[in-house]
Amino acid sequence: MGNEIPADFFKTKLSEAKIHFERALDCKHTEFDDLYPYMIEHPQFFWYKRYVAWSELLTIVKLCEELEVEWQPQFSTAQVEYIQKRVMSSKVLDYWFETNDTKEHVG
């Protein structure tokens, strides 16, 4: 077991998965477009693309947890909650980019 993978490797992969998911949310180009170019013509394409990116993100978070690599610092409190719930709900899709609670916007 001398070949331990450094925590930085997983943090980099986590960052890449987060960017991939956020690009999918924004309907920007991702690797998925290159893998399934015919899908662009189908109305469900963006749903699949987001689902794939979300699954990738959850998989890397799960690996981080199993290896005791801190993953939460890369995400907002709300994003950590979404990831822990594991379900890609409409709330995740609508509020992923919200950085502050609405209470903080007053004034």
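The values are calculated or read from the model by the stated rules, or taken from the named source; none is laboratory data. Bear in mind the structure is a predicted one, so any value in this text is a computation, not a measurement. For neighbour counting, all protein chains shown are included, and Cβ atoms are generated from backbone atoms with ideal geometry for every residue, glycine included. For the accessible areas, the whole protein counts, side chains as well, though only heavy atoms, and no ligand, DNA or RNA atoms are used. Shrake-Rupley method; radii C 1.70, N 1.55, O 1.52, S 1.80 Å.
For region 61-70, the condition of being surrounded by 13 or more Cβ atoms within 10 Å (Cβ to Cβ) and among the basic types (Lys, Arg) holds for at least one residue. The C-beta contact set for region 53-78 (first residue within 25 Å of residue 27 (Cβ to Cβ), second residue open to solvent by 20 Å² or more (accessible area, probe 1.4 Å) and polar (S, T, N, Q), distance under 7 angstrom, 6+ apart or interchain) comprises 74/15; 76/99. Cβ-Cβ distances below 7 Å connect the following pairs, each with a first residue in region 25-42 that is open to solvent by 80 Å² or more (accessible area, probe 1.4 Å), a second residue that is outside any loop (DSSP other than H, G, I, E, B) and acidic (Asp, Glu), and a separation of six or more residues or different chains: 40/33.
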